[in-house]
Structures are given as C-alpha cells and as structure tokens.
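> My structure is below; once you've seen it, I'll send some questions.
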Amino acid sequence: MDKQEIIKKTETFVKETLSKDSTGHDWWHVHRVRNLAKRIALHEGADIFIVELAALLHDIGDYKFFQGDEEAGAVKVREWLSSLEISPLLTDKIVEITSQISFMHTLPDKGKRKGKKNFSASTISKELMAVTDADRLDAMGAIGIARAFTYGGFFNRQIYNPNIKPSKSITKEEYKTTEAPSINHFYEKLLKLKDMMYTPLGRKMAKRRHRFLNLFLKQFFKEWKGKM
Ligand code: ADP
Ligand code: NI
C-alpha cells in the first residue's frame, strides 16, 4: 500500500470512529491538528508521513473513549496500523506519539502535588513535538475557547462560579474527574500551554493565541461585574 492510500484509509477510519463519539472530540479538531502539525513538521524537518498518521490517530487512543483505560487506546491504534501492514518500527513511532501527546500526562499522579515536567525537547522526536504543539494550539485562542465551553456544556458544567476556585496544582485524577466550571479550565490548563510549546513556530503561534485567551478573560470578568 502506498503512503497516499494509507493516509486516505486512516482518514476514513478516524472519521467513522469519531462520528460515534459523544465526548466532544470531533473530526474537525483532528483536521485542524493534522494541518497545523504538518505545517510545524515542515519547519522542523520532521517526517511528514509519520506526523500526518499520528495526528490523524491522536484522539482515537484517547483515554476518554475507554472509561479511563489509558492502555486500551494504544492497543486500538496498534490494531489499526497492523491491519495496514505498517512495519513494527513505524508503528512504535506512531504509538509513542499518540500515547504521549496528552496534556494529562504532564500532570502529577494522585498524592504528588509537584507537577511533572514537560518532556525534555532533547529526548523526544521532532514528530512528537509537531503533533503535540498542534494539539495544544487547538486548545488555545478562539477555537480553544469554543472547545472549552463545548466540553463544559456536554458535561453539564457551569460557565463560571466565583465560589469554586481553580485548582492551583491539579493532579491527573482531578483533571479526569473535575466538575469545576469551564472558566477554571483556563487556569488549570489553557493558560499554561504557551510555556509548554516545543517548537519555535508553535511558540510563536501560542503567544498570539494566549493573548487572545487573556483578552477574553478580561472582557468576561468585566461583564460578570456588570462593568461593560
Ligand atoms: P487532553 O486529553 O489532550 O489533555 P482533552 O481531550 O481532555 O485534552 O480536551 C479536549 C478539549 O476539551 C480541549 O480543548 C480541552 O481544553 C477541553 N477540556 C478538557 N477538559 C475540560 C474541562 N474540564 N473544562 C472545559 N474544557 C475542557
Ligand atoms: Ni486532540
């Protein structure tokens, strides 16, 4: 099977799988991440084929599809790649990306308050950097705002509640189970993403999207107080 065919088949598989999902992951998120990741990959001299395949598959392995089972996601990605007869070496590279991409992986486990570090840029592949930056950028800016409230609405979260303060150092378990208002998510995740970018282009884009997040919050709180 040639690369073009592999990508096309994977695209169809992902569209079909995500159409059955109701957690708020959608094909258009994958579409944006794929395009952004390819753009970053081009800048970084990363392998475009690996980046495109991993970007397409990055949410298939999401723990939310598997009721918290993080391993099951990787199994599903492996099964798909094996059905395409992708080599074990390439499969490993792609699974490495789809299983390490999540913001949640950078959070400390229960009982440990100290945050885990972002993976060191010197130890991870350019391909992982491109897909991770792209996925994180899609959680920022105007699109990130739209996604946060879509997610919040789906899980019956309030928009904002001044009595529920954002958690300063959220653990992995809290991130999975939080019922806090959507605005809290800005402080628990979205505003942190700017400093977690791996690539120069990612950083540049994140800076602008971060500014927009702050602008939104400023306006939001002015309106909340009835000042505007
Ligand atoms: P990841 O698993 O890569 O950390 P998610 O799949 O949890 O990210 O998030 C999907 C989208 O929903 C993102 O835009 C994210 O910012 C948003 N989101 C995740 N958790 C919350 C939450 N508790 N409140 C509002 N938005 C959220
Ligand atoms: Ni994603």
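> Under 7 Å between Cβ atoms, which residue pairs at least 6 apart in sequence (or on different chains) link something in the stretch 166-177 that is in contact (Cβ under 8 Å) with a residue 24 or more places away in the chain and under 19 Å from ALA148 (Cβ atoms) with a partner that is open to solvent by less than 40 Å² (accessible area, probe 1.4 Å) and among the acidic types (Asp, Glu)?
Between residues of the stretch 166-177 that are in contact (Cβ under 8 Å) with a residue 24 or more places away in the chain and under 19 Å from ALA148 (Cβ atoms) and residues that are open to solvent by less than 40 Å² (accessible area, probe 1.4 Å) and among the acidic types (Asp, Glu), the close pairs are ILE170/GLU188.
> Among the listed residues THR178, THR199, which satisfies the condition of being modelled with pLDDT under 95 and of a type in the set (Val, Ile, Thr)?
Numbers: THR199 fails: modelled with pLDDT under 95.
When all the criteria are applied, what remains is THR178.
> Can you go through LYS168, LYS93 and tell me which one is in contact with a helix residue (DSSP H, G or I) (Cβ under 7 Å, 6 or more places away or on another chain), charged (D, E, K, R) and open to solvent by 50 Å² or more (accessible area, probe 1.4 Å)? Give the derivation first.
Details: LYS168 fails: in contact with a helix residue (DSSP H, G or I) (Cβ under 7 Å, 6 or more places away or on another chain).
After ruling out the rest, the residue left standing is LYS93.
> ALA46 - would you say it is open to solvent by less than 20 Å² (accessible area, probe 1.4 Å), modelled with pLDDT of 95 or more and more than 18 Å from the chain's Cα centre (by Cα)? I'd like the intermediate steps shown before the answer.
Values: open to solvent by less than 20 Å² (accessible area, probe 1.4 Å): yes; modelled with pLDDT of 95 or more: yes; more than 18 Å from the chain's Cα centre (by Cα): yes.
Judged against the criteria, ALA46 is a match.
> Separate question: Here are some conditions: (1) surrounded by fewer than 21 Cβ atoms within 10 Å (Cβ to Cβ); (2) under 22 Å from LEU53 (Cβ atoms); (3) within 11 Å of ligand 1 (Cβ to nearest atom). LEU137 meets all but one. Which one does it not meet?
Of (1) surrounded by fewer than 21 Cβ atoms within 10 Å (Cβ to Cβ); (2) under 22 Å from LEU53 (Cβ atoms); (3) within 11 Å of ligand 1 (Cβ to nearest atom), only one is false for LEU137: (1).
> Continuing with the same structure: I'd like to check which helices (runs of 4 or more DSSP H) are fully inside the stretch 150-228 and have at least 3 residues that are closer than 14 Å to ALA139 by Cα. Give the steps one after another, and end with the answer.
Details: elements: 172-177, 182-188, 200-224.
Fully inside the stretch 150-228 and qualifying: 182-188, 200-224.
> Counting only residues that are touching a Gly at 6+ places or on another chain (Cβ under 8 Å) and within 18 Å of SER122 (Cβ to Cβ), how many does the stretch 185-205 have?
Count: 0.
> Let me ask you something else. Can you tell me which of PHE13, PHE65 is open to solvent by 30 Å² or more (accessible area, probe 1.4 Å), in a helix (DSSP H, G or I) and modelled with pLDDT under 90?
Criteria check complete, one pass: PHE65.
> Quick one: GLN100 ticks every box in (1) modelled with pLDDT under 95; (2) more than 16 Å from ligand 2 (Cβ to nearest atom) bar one, so which box is it?
Here GLN100 clears every test but (2).
The values are calculated or read from the model by the stated rules, or taken from the named source; none is laboratory data. Just so you know, these numbers come straight off a predicted model, no measurement behind them. With ideal geometry, Cβ positions are generated from the backbone for all residues, glycine too; neighbour counts draw on all protein chains shown. Keep in mind that these areas ignore ligands, DNA and RNA; they rest on the heavy atoms of the full protein, side chains included. Shrake-Rupley method; radii C 1.70, N 1.55, O 1.52, S 1.80 Å.
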